Amino acid sequence: MNQPKVEFYRHGLEQEEMEACLATLRSLFLTTGPACARAEKALAQYLAVPEVVTVATCTAALELALLALGVGPGHEVITTPMTFIATANAVLYTGATPVFVDVDPVSGNLDPALVEAAITERTKAILPVHLYGVLCDLKALRAIADRHGLWLVSDCAHALEARRDGLGSADLAQAACYSFYATKNLTCGEGGAVAVHDPALAERLRVLRMHGMSRGAADRYHGPYHHWDMVELGRKANLSDINASLLLSQIPRLEANLARREAIAQRYERAFAALPGVDFPRAPQGCRHARHLFTIWVPRRDEFLAALQGRGIGVAVNYRAIHLLSYYRQRFGFQPGDFPVAESIGQRTLSLPFYPGLRDEEVERVIAAVTEAARLLAA
Ligand SMILES: Cc1ncc(COP(=O)(O)O)c(C=O)c1O
């Protein structure tokens, strides 16, 4: 009997989000307006920071954060090759150069012990990615940044709910960047945000997200007409109220959703711990894992992937090391062997279905399929 596919991801938007979106569609403001302002306030409260600025994507959040901190042509930004291309592309959009540093073989996160050797007189910022939902060693990275007078910008696309040693995901960095892309723990289809501790930086980000205009549409609407000015060259990267209206009512459910993903992760980890040939990343002590992705590390990954797909299991690869993608190889001359740990993870990594709406029987089907594939490929 053919069983239905276990989808790689299904969103968990509820009636409340649909009604909030409808209310926006019936209101005056479709672009950045009151729904963005409400989401910014709620996110600032959740992250315990003074200011959050919503933007169109996390890619834009990263680019604008770097621009607002003065990163540009001639500068270098230290980051990881074990990430989605958005992280390094955002550095390129500013005119700066991404400088990759290899990752820790247990967590897949940027290895702070390797960062200092990559710093030059051109380095302006360190850009860690909190892979799969585990915070990097922010205290160590902050100390390095302080020693060398660098900015710390966090790519928190996976890590909204993460904590480590008493710190939240927005802590210690000048700017922490979030994604509300379709498969993220908090989603509005496409969206992003920057969390900052300095209100002046928030103001600069609000100008940069709207072409460099001195007043946004909502400001221009209220009160008598005032001319706006263009004070610098920004981007068009604001979030619409249509998207933002989906965010607010999901925030109170973040903890319950995380608890459900944690339970699924523990079930997966128990099942795979005893399975020869199947490994998975592990979080260091003191971490609250945000549990964004559940990945296994397996030999002969592409055959493994095909075996799972053949059994009706949705899969993804997060990520093949980005320095070996054609564009990065051609532009920077990267070769296999440049970042061996990231490359080894990139060859073995495979992400499994993992979201709060995944039913127990689906979790068991995934485990059965992984177990079968492991035995088949070991034979
Ligand atoms: C680690 C990481 N950084 C950045 C991004 C970019 O996010 P967005 O699609 O919101 O631009 C993603 C998206 O998947 C990501 O996984």
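Read-outs throughout are calculated quantities, based only on the coordinates presented, and are distinct from any laboratory measurement. Treat the numbers as computed from the prediction; the structure is a model and nothing was measured. As a convention, Cβ positions derive from the backbone with ideal geometry for all residues, glycine included, and neighbour counts pool all protein chains shown.
In this label model, TYR93 and LEU167 are separated by 2.5 nm, measuring between points 7 Å along each Cα→Cβ vector. With θ taken as phi - 60° and the Karplus curve 6.51 cos²θ - 1.76 cosθ + 1.60 applied, the whole-hertz 3J(HN,Hα) list for the stretch 92-103 is 4, 4, 6, x, 7, 10, x, 10, 7, 10, 6, 10 Hz, x standing for glycine and proline.
Determine the relative contact order of the stretch 1-116: mean sequence separation of Cα pairs under 8 Å and six or more apart, normalised by residue count, in whole percent.
16
Please list 52-63, 82-93 highest first by mean number of surrounding beta-carbon atoms within 10 Å per residue.
Details: 52-63: 26.7, 82-93: 22.2.
My ranking of the peptides, most packed first, is 52-63, 82-93.
When the charge dipole of the stretch 10-108 is built from unit charges on Cβ atoms (+1 for Lys and Arg, -1 for Asp and Glu) and taken about the Cα centre, the candidate among GLN45, HIS75, CYS21 whose Cα reaches farthest toward its positive end is CYS21. 3J(HN,Hα) couplings calculated from phi for the stretch 343-355 with the Karplus curve 6.51 cos²θ - 1.76 cosθ + 1.60 (θ = phi - 60°) are, in sequence order, 5, 5, 5, x, 7, 10, 7, 8, 9, 9, x, 6, 6 Hz; Gly and Pro show x. Normalised by the number of residues in the chain, the mean separation of alpha-carbon contacts (under 8 Å, six or more apart) gives a relative contact order of 23 percent. Full extension of the chain segment joining GLU255 with HIS197 gains 18.5 nm, where the gain is 0.36 nm per residue of separation less the Cα-Cα distance. Over all other residues within a Cβ to Cβ distance under 10 Å of ALA263, the charged ones net out to +2, with Lys and Arg as +1 and Asp and Glu as -1. Residue ranges 369-377, 188-196 sort as 188-196, 369-377 when ordered by packing (mean number of other C-beta atoms within 10 Å per residue, highest first).
In deg cm²/dmol and to the nearest 500, what is the mean residue ellipticity at 222 nm of the chain if only DSSP H runs of at least 4 residues count, each as -39500 (n - 2.57), divided by the residue total? Present the calculation step by step, with values, prior to reporting the outcome.
On the way: 14 runs with 144 residues, N = 379.
Roughly -11500 deg cm²/dmol at 222 nm, from the helical runs in the chain.
In whole Å, how far is the Cα centre of the stretch 156-183 from that of the stretch 267-344? Result: 21 Å between the Cα centres. Sites listed here are trypsin sites (Lys or Arg not before Pro) in the stretch 17-57 whose DSSP assignment is loop and whose Cβ has at most 11 other Cβ atoms within 10 Å: ARG26. In this calculation the C-beta distance from ARG267 to LEU233 is compared with R0 = 51 Å, giving a FRET efficiency of 0.50. With a Cα cut-off of under 30 Å and a minimum spacing of 8 residues unless on different chains, the lysine pairs in the chain number 10.
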